[in-house]
Amino acid sequence: MTSEPFDQTMPIEDYLARGGKLTSPDNPPPRYRGELLRLMSSFVDSELAGSAGFADSINWAPGIKERIAASRIVLEKADHAERVLDLMSDFGTDKALYNNAHNWSARASRDADIDPARQGGDMRLSVFHYPLENWTDAVVMNVLMGLATVVQLEELRECSYAPFAEVVRAVLPREQRHMELGFEGLDRIVANEQGRQLAKACVAYWYPRVAETFGSAQSERFTRLARMGLRHTTNEELRAAWQNRARIDLSRLQLA
């Protein structure tokens, strides 16, 4: 959707509803600014938590190829977080304080019942509060959450705040590659029956937890964000798109 020129006499809500874009941190009204920062914080916190949590998997890697892939994912997710944090600093966020605000590697117990809603000031998606156990577990989680991330970023690349949309479009191919690296690892894991059975158990654990990252079906917040042009596709539509992609890929690997 292309941006229309901003008519100063037009209410900004109408401008955004018609597909308008904001290009500067000086433009957004307070409510838009608050929702935008929350959206960006969720991305940053999830990338930092994902990077920190996946770091242990580097030493679980069964070979050099897998070790390189895991290292790349850890590095690039931290880089993605920094790119969006740079945008947040334009709104006054202190990058140094933000990076140290939470223990990004902290995890709850494996069997914890974690509310999908954000936990206090830590805005990571709920799935990143659960720990990884081993290489197969890390690969399966990376595959399922990688699929979800791609679906979610495909929507955010149309975000009405143009600088954020530009960053999303830049990092999307790399997140796509992270998912593909996961599938390459999973292909090797399921090459034998023992590996396939272990992967099936990991899919059963992670699938519902990743599904929760799309939010509730009835979301007042989505309606609010949609009016601002920050979101365009409902939670249920995004979840359905993810489920469809996951079903196809898991069936190919005989993991569905």
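Every number in this text was worked out from the coordinates using simple rules, so none of it is lab data. Since the model is a prediction, treat every value here as computed from it, not as a measurement. Cβ sites come from the backbone with ideal geometry, for glycine too, and all protein chains shown count toward neighbours.
Summary table below
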| quantity | calculated |
| --- | --- |
| Segment 125-165 - Rg over Rh from alpha carbon coordinates, Kirkwood radius | 1.14 |
| Around GLY185: net Lys/Arg minus Asp/Glu count, Cβ-Cβ under 14 Å | 0 |
| Summed side-chain charge close to ARG196 - residues other than ARG196 whose Cβ falls under 12 Å, Lys, Arg +1, Asp, Glu -1 | 0 |
| Alpha-carbon Rg with Dmax, taken over segment 175-245, Å | 16.2, 50 |
| Distance between modelled label sites at ALA211 and GLU133, nm, 7 Å Cα→Cβ extension | 2.0 nm |
| 3J(HN,Hα) from dihedral phi, segment 185-199, Karplus parametrisation 6.51/-1.76/1.60, rounded to Hz, x for glycine, proline | x, 5, 4, 6, 5, 7, 5, 10, 5, 4, x, 5, 5, 5, 5 |
| Formal net charge of residues neighbouring VAL139 (Cβ-Cβ distance under 11 Å; K, R +1; D, E -1) | -3 |
| Added length on full extension, which subtracts the Cα-Cα distance from 0.36 nm per residue, ALA17 to ARG169 | 52.6 nm |
| Whole-number percent relative contact order across segment 117-256, with pairs defined as alpha carbons under 8 Å at least 6 apart | 32 percent |
| Segment 68-150 shape via C-alpha gyration tensor axes, a/c threshold 1.5 | oblate |
| Inter-label distance, nm, simple model (7 Å from Cα along the C-beta direction), ALA117/SER89 | 3.3 nm |
| Residue-by-residue Karplus 3J(HN,Hα) for segment 136-144, coefficients 6.51, -1.76, 1.60, Hz, glycine and proline x | 4, 4, 5, 5, 5, 4, 4, 5, 5 |
| Contour excess over end-to-end distance, with Cα ends at ASP187 and GLN218 and 0.36 nm allotted per residue | 7.5 nm |
| Protection proxy ranking, peptides 144-152, 130-138, average beta carbon neighbours within 10 Å, highest first | 144-152, 130-138 |
| Relative contact order (percent, whole number), the chain, Cα cutoff 8 Å, 6+ residue spacing | 22 percent |
| Percent breakdown of C-alpha pair distances by 5 Å bin, ordered from the shortest bin, for segment 159-204 | 6, 19, 16, 14, 11, 9, 10, 9, 5, 1 |
| Ratio Rg/Rh [Cα only; Rh per Kirkwood] for segment 1-106 | 1.14 |
| Cross-link reach list, aspartates and glutamates versus LYS65, counting only Cα pairs under 13 Å and skipping chain neighbours closer than eight places | GLU184 |
| ASN59/ALA162 FRET efficiency (R0 30 Å; Cβ-Cβ; nearest 0.05) | 0.15 |
| Sequence-separation-based contact order of segment 4-108, relative, with Cα cut under 8 Å and 6+ spacing, percent | 27 percent |
| Cβ crowding within 10 Å averaged over residues, with 27-34, 83-90, 226-233, 43-50 ranked highest first | 43-50, 226-233, 83-90, 27-34 |
| Spin-label model distance (nm) - LEU75 vs SER251, 7 Å beyond Cα toward Cβ | 3.8 nm |
| log10 of Debye I(q)/I(0), alpha-carbon scatterers only, for the chain at 0.09 Å⁻¹ | -0.41 |
| Segment GLN197-GLU237, extension gain: residue separation times 0.36 nm, minus the distance between their alpha carbons | 11.4 nm |
| Area projected by the alpha carbon convex hull of segment 95-193, averaged over all directions, nm² | 8.2 nm² |
